[in-house]
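Colleague: Sending over a structure as structure tokens; questions will come in a sec.
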Amino acid sequence: MRTFTVVAALVAVLGLPSPSTARSTSRVGTTPTTTTVAVVPNPSVAGQDVTLTATVRPNDGTAGIPSGTMQFLRPDGSQFGAPQLLSNGQASAPAWAYAGTYGVRAAYSGDTTFATSTGSVDMVVDRAATTTTVSSSANPVSVGGTLSLTVFVGTVAPGYVAPAGTVDILLN
């Protein structure tokens, strides 16, 4: 809410010896808003860059565009980066995540005309595809001979995370 101070001059009409002033403070409500949040692309894959975009609009279609900042929040409520300045009622931030589903929230700061609001969206992150390459120190290898195998597991774009886990090698 915004606070306005009203100054009224009382003149000698009431028999006062000289003009004086009185102050009165009243609160004027701000226009309610709705914040919507989008993730593009959604779903994504682990390590893929996405864009978080939050848009704030007045609920009643009032003319005007909200200004101020938007704070993106992690699922635990902690801040994700610095507050972003709104441009035409929108703010964006880059992000990426490991596989899983995350509740992303955005909190609008409000301004002198428009009220604060929050919005949220689920960011769905699938596992990234991988490729596996096996190479050997000798091919062919003689019966009873030794052999070293090298296994490389890599992530396929647009994913960009280091694969983790174990590789089992089965011989027939």
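Every read-out reported here was derived from the displayed coordinates using simple, explicitly stated rules and does not represent laboratory data. Treat the numbers as computed from the prediction; the structure is a model and nothing was measured. Cβ placement follows ideal geometry from the backbone for every residue including glycine, while neighbour counts extend to all protein chains displayed.
Colleague: By the scheme Lys and Arg +1, Asp and Glu -1, what is the net charge of all other residues having a beta-carbon under 13 Å from that of Asn42? Numbers along the way, then the final one.
Modeller: Working: positive: none; negative: Asp49, Asp122, Asp126.
Summing Lys/Arg as +1 and Asp/Glu as -1 gives -3.
Colleague: Something else about it: Work out from phi, with θ = phi - 60° and the Karplus expression 6.51 cos²θ - 1.76 cosθ + 1.60, the ³J(HN,Hα) of each residue of region 111-123, listed in order in whole Hz, and give x for Gly and Pro.
Modeller: Going residue by residue, I get 9, 5, 10, 10, 6, 5, 7, 10, x, 8, 8, 8, 9 Hz, with x marking Gly and Pro.
Colleague: Here is a further query. Give me the one-decimal Kirkwood hydrodynamic radius in Å for region 13-172, with the sum taken over alpha-carbon pairs.
Modeller: Value: 20.4 Å, from the Cα pair sum.
Colleague: Stokes-Einstein at 4 °C, 1.567 mPa s, Kirkwood radius from Cα pairs: D for region 31-126 in µm² s⁻¹? Write out the running numbers ahead of the final one.
Modeller: Details: Rh = 13.4 Å.
Rounded to a whole number, D works out at 96 µm²/s.
Colleague: Moving on. Provide the per-residue ³J(HN,Hα) series for region 158-172, in order, calculated from phi with Karplus coefficients 6.51, -1.76, 1.60 and θ = phi - 60°, each as a whole number of Hz, with x at glycine and proline positions.
Modeller: Rounded to whole hertz, the list is x, x, 7, 9, 6, x, 10, x, 10, 10, 9, 10, 10, 10, 9.
Colleague: Which ³J(HN,Hα) values, rounded to whole Hz and listed in residue order, are derived for region 39-45 from phi using the Karplus coefficients 6.51, -1.76 and 1.60 in 6.51 cos²θ - 1.76 cosθ + 1.60 with θ = phi - 60°, glycine and proline given as x?
Modeller: Values, residue by residue: 10, 10, x, 8, x, 10, 10 Hz.
Colleague: When N counts the residues of region 128-167, how does its alpha-carbon radius of gyration compare numerically with 2.2 N^0.38 Å, as a ratio?
Modeller: Numbers: Rg = 14.0 Å, N = 40, 2.2 N^0.38 = 8.9 Å.
For region 128-167, the normalised Cα radius of gyration comes out at 1.57.
Colleague: I've got another one for you. Skipping prolines and chain starts, which residues have an amide H placed within reach, meaning under 5 Å, of the one on Thr31, given they are 5 or more residues away or on another chain?
Modeller: Long-range HN contacts for Thr31: Phe114, Ala115.
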